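Only the coordinates and a few stated rules stand behind these numbers; no lab work does. This structure is a prediction, so every number in the text was calculated from the model and none was measured. As a convention, Cβ positions derive from the backbone with ideal geometry for all residues, glycine included, and neighbour counts pool all protein chains shown.
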Amino acid sequence: MRKPTPNTDALKFIPGSPVMKSGSREFLAGDDTRSSPLARSLLSVEGVKSVFFGPDFISINKQSHVGWPTMKPEIYSLLMEFFSASDRPVVQEGPIEENTGPLDTRIHDDDSEVVAMIKELLDTRVRPAIQEDGGDLEYKGFNEETGVVQLMLKGSCRGCDSSAVTLKSGIERMLMHYVPEVQSVEQVQSEEEKMAEDEFAKFEARLRGGGKTVNL
């Protein structure tokens, strides 16, 4: 079974059995996939940019120029083969990471009361809603001086045009309501996204320079 997401370049696949026992994992093109043969197989499909494993779903992001009709048959085949013929875990985790739940929102003894509240809200109120659309988030930190919460969006939320709206009108508003110390929520980009933006900026600079190479 598959479900559309707000991101037209992402689909949420539901195999009908548990995917991750706890937590979630995301693999991008070029990542080390030795811990997940399924991720390696899915990333080998032409056009696949990233694979996200949630509790009971798999979100796949594609390159915009490749159409889903050419990709879905191979994706379906790989998913059916894995889940019907194997009881192996989707991701082989080490003994320390196994069954620990989301690491980013785990509350530590040295967390302030504000940080603990932010983590609890993200884990119990925000994460389930985002996972319904095939995405997830990662808590990256809270600046107690500026009141800024930093989050990284994953899965179908990665690169989605509506992610900024989700961040501001949904997550930010809720956190500011329950935690007065929160002043805003900002999205943190992955290294891959930063590199892509840098390359696009260089490309635009070359266009403005009449095709000449521009060193940035």
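Derived value for the stretch 5-154: Kirkwood hydrodynamic radius 16.6 Å. Basis is the mean of 1/r over every pair of different alpha-carbon atoms. What residues have an amide H closer than 5 Å to that of R25, excluding those fewer than 5 places away on the same chain, when H is modeled at 1.01 Å from N in the peptide plane? For R25, the qualifying residues are F53.
The ranking of K154, K21 from fewest to most other beta carbons within 10 Å of each one's beta carbon is K21, K154. Here the extension length gained between R208 and D111 equals 30.1 nm, from 0.36 nm per residue of separation less the Cα-Cα distance.
In terms of the mean number of neighbouring beta-carbon atoms within 10 Å, the peptides 14-20, 158-164 order highest first as 158-164, 14-20.
Rounded is the label for the stretch 2-85, because a/c, from the alpha-carbon gyration tensor with a ≥ b ≥ c as root eigenvalues, stays below 1.5.
Between the beta carbons of T8 and E145, assuming R0 = 45 Å, the FRET efficiency works out to 0.70 to the nearest 0.05. In this structure, K72 and Q92 have a Cβ-Cβ separation that, at R0 = 22 Å, corresponds to a calculated FRET efficiency of about 0.25. Put simply, the amide H of R2, placed in the peptide plane, has neighbours under 5 Å in I14, leaving out anything fewer than 5 places away on its chain.
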